[in-house]
Amino acid sequence: MFSGTMISAFCRSRIPRSTIAAYLATEYRIAGNSPLVLRIGQPNQQLAALYRGHAVDRAAVLTAWNPYSEPRPDAQNHAAQAQLIAELDHHGLQHEPGHGADPTGLWPPEDSRLVLGLDYAIATSLGIRFGQNGFVWAAADADPTLVLLR
């Protein structure tokens, strides 16, 4: 697991540094019933309150869009995201809609899901299964962390 907000923390990853920098700068915007914005390395009191309201102590932000950060047609991305959502629903996991947004507007938003109470190993498995470079993890401290999978 790689985590942190400084790019040097990710020196062992095969992911280009510019891509990692984009992940670190992304705003992970969660719509749902309790809208919030997650930023890597910034503890989030709204997320902590969401934990209390759902009796959980962890969450992950997952997506199936653009595997390995390679742009795909919207139709493919929507189909992959639907598969991810179906998988979450099949396992009875609580999740809220969201999207990862580039604050500079250079790249379009990518649909995502905030999955409440998700086990770290399952989050990792889903990220790998859907071809993602990583995901956002927040433990009981509600401090979003970037987890790289390659």
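The values are calculated or read from the model by the stated rules, or taken from the named source; none is laboratory data. Being a predicted model, the structure only gives us computed values, none of them experimental. Neighbour counts run over all protein chains shown; Cβ positions are idealised from the backbone, glycine included. SASA here: full protein model, heavy atoms, side chains in, ligands and nucleic acids out. Shrake-Rupley method; radii C 1.70, N 1.55, O 1.52, S 1.80 Å.
If N is the number of residues in region 84-135, what value comes out of its Cα radius of gyration divided by 2.2 N^0.38 Å?
Values: Rg = 12.1 Å, N = 52, 2.2 N^0.38 = 9.9 Å.
Here the Cα radius of gyration is 1.23 times the empirical estimate.
Mind putting a number on the dipole of the chain about its Cα centre? Charges go on the C-beta only, +1 for Lys and Arg and -1 for Asp and Glu, and I need it in Debye to the nearest 20.
400 debye
Using the heavy atoms of the protein chains alone and a 1.4 angstrom probe, what is the accessible area of the chain per residue in square angstrom?
Details: 7680 Å² over 150 residues.
Here the residues of the chain average 51 Å² of exposed surface.
Normalised by the residues of the chain, what does the relative contact order come to in percent, with Cα pairs under 8 Å and at least six apart? If you can, show how the numbers build up before the last one.
Numbers: 281 pairs, mean separation 51.2, N = 150.
Reported as a whole number, the value is 34 percent.
Starting from the Cα-Cα distance between residue 25 and residue 119, subtract it from 0.36 nm times their residue separation and give me the gain in nm to one decimal.
Numbers: separation 94, 0.36 × 94 = 33.84 nm, distance 2.48 nm.
Between residue 25 and residue 119, full extension yields 31.4 nm more.
Please list 95-101, 122-128, 65-71 highest first by mean number of surrounding beta-carbon atoms within 10 Å per residue. Can you show the working numbers first?
Values: 95-101: 20.0, 122-128: 17.9, 65-71: 15.3.
Result, highest mean first: 95-101, 122-128, 65-71.
When the accessible area of the chain is computed with all protein chains present and a 1.4 Å probe, what percentage of it is carbon and sulfur? Could you put the intermediate results ahead of the total?
Numbers: 4090 of 7680 Å².
The computed percentage sits at 53.
Extension gain residue 90-residue 140, at 0.36 nm per residue separation less the Cα-Cα distance, in nm?
On the way: separation 50, 0.36 × 50 = 18.00 nm, distance 2.47 nm.
Result: 15.5 nm gained on full extension.
If eta is 0.890 mPa s and T is 25 °C, what Stokes-Einstein diffusion coefficient results for region 41-137, Kirkwood Rh from Cα pairs, in µm²/s?
Working: Rh = 14.0 Å.
Estimated via Stokes-Einstein, D reaches 176 µm²/s.
Output ³J(HN,Hα) for region 134-144: one whole-Hz value per residue in order, computed from phi by the Karplus curve 6.51 cos²θ - 1.76 cosθ + 1.60 with θ = phi - 60°, and x for Gly and Pro.
x, 7, 9, 10, 9, 7, 4, 6, 6, 9, x
Distance in nm between label sites at residue 72 and residue 57, each 7 Å beyond Cα in the beta-carbon direction?
Taking the two extended label points, one gets 3.5 nm.
Which far-off residues, 5 or more places away or on another chain, put their amide H under 5 Å from the one on residue 94, with H placed in the peptide plane?
When sequence neighbours closer than 5 places are left aside, the close amide H contacts are 116.
For every other residue with a beta carbon closer than 14 angstrom to the beta carbon of residue 137, add +1 if it is Lys or Arg and -1 if Asp or Glu, then tell me the sum.
Working: positive: 39, 58, 113; negative: 57, 119, 141, 143.
That works out to -1.
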